[in-house]
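Please read the structure below before turning to the comments.
The values are calculated or read from the model by the stated rules, or taken from the named source; none is laboratory data. Computed from a prediction, not measured in an experiment: that's the story for all the values here. As a convention, Cβ positions derive from the backbone with ideal geometry for all residues, glycine included, and neighbour counts pool all protein chains shown. Ligands, DNA and RNA are excluded from the accessible area calculation, which covers all protein heavy atoms including side chains. Shrake-Rupley method; radii C 1.70, N 1.55, O 1.52, S 1.80 Å.
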Amino acid sequence: MAVPLIDLADQHELLREPLEAAFAEVLASGQFILGPYVEKFERELAEYCQVEHAIGVSSGTDALLVALMALDIGPGDEVITTPFTFFATAGCISRVGAKPVFVDIVPRTYNLDVEQIEGALTRQTKAIIPVHLFGLPANMGPINDLAKANNLAVIEDAAQALGARYDDKPVGSIGDVGCFSFYPTKSVPALGDGGAVVTNDAKLADKIRMLRVHGSDRGYHFPLIGGNFRLDAIQAAVLSIKLKHLNGWVERRREIADRYGRKFEDLAMTTPFEPDVRFHAYNQYTVRVRGGQREAVRHHLDACGIGTRVYYPEPVHLQPCYTDLNYRPGNLPAAEAACEEVLSLPIYPEMTNAQQDEVVAAVREFFKAE
Ligand SMILES: Cc1ncc(COP(=O)(O)O)c(C=O)c1O
């Protein structure tokens, strides 16, 4: 039996009735961009995240971009982030004209190493973007303390982590502003692109709402220069239906992760780690294979029909677009090693135990044959 890395077919079959009803409603409403469906979803997301304001936007990338714009981060500013993330985290910093400053990760969690942030601070540093990678919250307590002491904004890149918690607080609500993605591989998958920004800061929320529609506050009147960062009504209607299932889906992901952990205990690979006070949402289940064996494991699983993915094969600081930042291989060794060794295995809420058993058997077969 082949097992894909992620499969939304069962989820959509289960939700077919409410989804089709929502499609019909939006079609009849005639309002396809922003409007009541988006506002409804924004209220639901704000409640879920325990924040005052949620603003639906066009993607997770645009959520980060608009957050940076709203914080007036631009040329001459530096923003600290991790090199072990999806490119968009850093790309948005550059797009507002600021400079990304990469700080290495903690190998065991793949999250930003707080101990190394202090050494990267300069007079130009304006913000930190921690990434809750794979669904595991970054070490937010110390990050917030450091940010407060140095007057920095904290933008949580929670694109992969809706449903995760730090110290029992929903991710996105812990820094000054939180950014989510509803790309179809994320924990609440839209049927296309979508994103959201959450915050408790009313002024910032107002500014983000303006920036979302080119900087307009009313009609054809533009106090700011923004962009088209609007969320579609059809996506919002889908997201409203799916958000209700999120807690159940996260519980199922955690069950699958726990079962993998037990079945892989005796194998020569590292399974994910959930430190105290962090509640992992397991958007990805990422193992680590040392000794140059990652590609061999991957090929074996591929031959067995098991879907895998390498998130991420190259760290952001060594991407060709950043050669002018003058990073060299070896500068951020923990992130570079992770890129060589990580492998994400199938995980999605509708995955059955029988499917998981296939994955486990294929992985175990590789290590037994070793
Ligand atoms: C960590 C991280 N940041 C940002 C993004 C960008 O989100 P989107 O694809 O919705 O633009 C993603 C997802 O692709 C992500 O994984």
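If you check Arg298, Arg252, Arg288, Arg294 for being among the basic types (Lys, Arg) and buried (at least 20 other Cβ atoms within 10 Å of the Cβ), only one passes: Arg294. Taking into account only those residues within the stretch 173-186 that are small (Gly, Ala, Ser) and more than 11 Å from the ligand (Cβ to nearest atom), which is least open to solvent (accessible area, probe 1.4 Å)? Result: Gly178. Could you say whether any residue in the stretch 203-219 is touching a Gly at 6+ places or on another chain (Cβ under 6 Å), β-branched (Val, Ile, Thr) and at negative phi? There is no residue in the stretch 203-219 that is touching a Gly at 6+ places or on another chain (Cβ under 6 Å), β-branched (Val, Ile, Thr) and at negative phi. Looking only at the stretch 116-167, residues that are open to solvent by 20 Å² or more (accessible area, probe 1.4 Å) and either outside the structural domain of Leu204 (by TED's automatic domain parsing) or at positive phi (or both) come to 2 in all. If the Cβ limit is 6 Å and pairs must be 6+ apart or interchain, which residue in the stretch 175-200 that is more than 14 Å from Phe229 (Cβ to Cβ) pairs with which residue that is acidic (Asp, Glu) and more than 9 Å from the ligand (Cβ to nearest atom)? Close Cβ pairs (under 6 Å, with a partner that is acidic (Asp, Glu) and more than 9 Å from the ligand (Cβ to nearest atom)) amount to Gly175/Glu156; Gly178/Glu156; Asn200/Glu52. Listed conditions (1) touching a helix residue (DSSP H, G or I) at 6+ places or on another chain (Cβ under 8 Å); (2) among the aliphatic types (A, V, I, L, M); (3) more than 21 Å from Asn111 (Cβ to Cβ) are all met by Val177, apart from (3). Scan (1) open to solvent by less than 40 Å² (accessible area, probe 1.4 Å); (2) in the same structural domain as Val66 (by TED's automatic domain parsing); (3) in contact with a strand residue (DSSP E or B) (Cβ under 9 Å, 6 or more places away or on another chain) for the single condition Ala237 breaks and write down its number. (3) is the only condition that Ala237 fails. Quick one: would you say Ala161 is of a type outside the set (Phe, Trp, Tyr) and in contact with a strand residue (DSSP E or B) (Cβ under 6 Å, 6 or more places away or on another chain)? No: the conditions fail for Ala161.
Answer yes or no: is there a residue in the stretch 154-172 that is outside any loop (DSSP other than H, G, I, E, B), modelled with pLDDT of 95 or more, within 13 Å of the ligand (Cβ to nearest atom) and closer than 14 Å to His280 by Cβ. Working first, answer last.
Let us first name the residues in the stretch 154-172 that are outside any loop (DSSP other than H, G, I, E, B), namely 154-157, 165-166, 169-170.
Remaining after also requiring modelled with pLDDT of 95 or more: 154-157, 165-166, 169-170.
Filter once more, keeping what is within 13 Å of the ligand (Cβ to nearest atom): 155-157.
Cutting the leftovers down to closer than 14 Å to His280 by Cβ gives us none.
Among the residues of the stretch 154-172, not one is outside any loop (DSSP other than H, G, I, E, B), modelled with pLDDT of 95 or more, within 13 Å of the ligand (Cβ to nearest atom) and closer than 14 Å to His280 by Cβ, which makes the answer no.
The residues on offer are Glu274, Glu265, and the sole one that is farther than 19 Å from Leu5 by Cβ, open to solvent by 30 Å² or more (accessible area, probe 1.4 Å) and free of Cβ contacts under 8 Å to residues at least 24 places away in the same chain is Glu265. Across the stretch 294-323, the qualifying residues are those that are touching a residue at least 24 places away in the same chain (Cβ under 8 Å) and among the polar types (S, T, N, Q), and the one among them that is nearest to the ligand (Cβ to nearest atom) is Gln319.
Could you please let me know if Arg108 is in contact with a strand residue (DSSP E or B) (Cβ under 6 Å, 6 or more places away or on another chain) and either within 22 Å of Thr323 (Cα to Cα) or not hydrophobic (A, V, I, L, M, F, W, C) (or both)? Spell out the reasoning first.
Numbers: in contact with a strand residue (DSSP E or B) (Cβ under 6 Å, 6 or more places away or on another chain): no; either within 22 Å of Thr323 (Cα to Cα) or not hydrophobic (A, V, I, L, M, F, W, C) (or both): yes.
The answer is no for Arg108.
How about the stretch 1-115: which strands (runs of 3 or more DSSP E) wholly inside it have at least 2 residues that are touching a Phe, Trp or Tyr at 6+ places or on another chain (Cβ under 9 Å) and either away from the ligand (no atom under 16 Å from the Cβ) or open to solvent by 20 Å² or more (accessible area, probe 1.4 Å) (or both)?
On the way: elements: 53-57, 78-81, 99-102.
It comes to none.
The set of residues in the stretch 173-183 that are assigned to a loop (DSSP other than H, G, I, E, B) and over 12 Å from the mean Cα position of the chain (by Cα) comprises Ser173, Ile174, Gly175, Asp176. Picking from residues in the stretch 212-233 that are away from the ligand (no atom under 16 Å from the Cβ) and not in a loop (DSSP other than H, G, I, E, B), the one that is surrounded by the most Cβ atoms within 10 Å (Cβ to Cβ) is Ala233.
If you take the residues of the stretch 187-203 that are more than 9 Å from the ligand (Cβ to nearest atom) and farther than 23 Å from Ala138 by Cα, which of them is surrounded by the most Cβ atoms within 10 Å (Cβ to Cβ)? This residue is Leu191.
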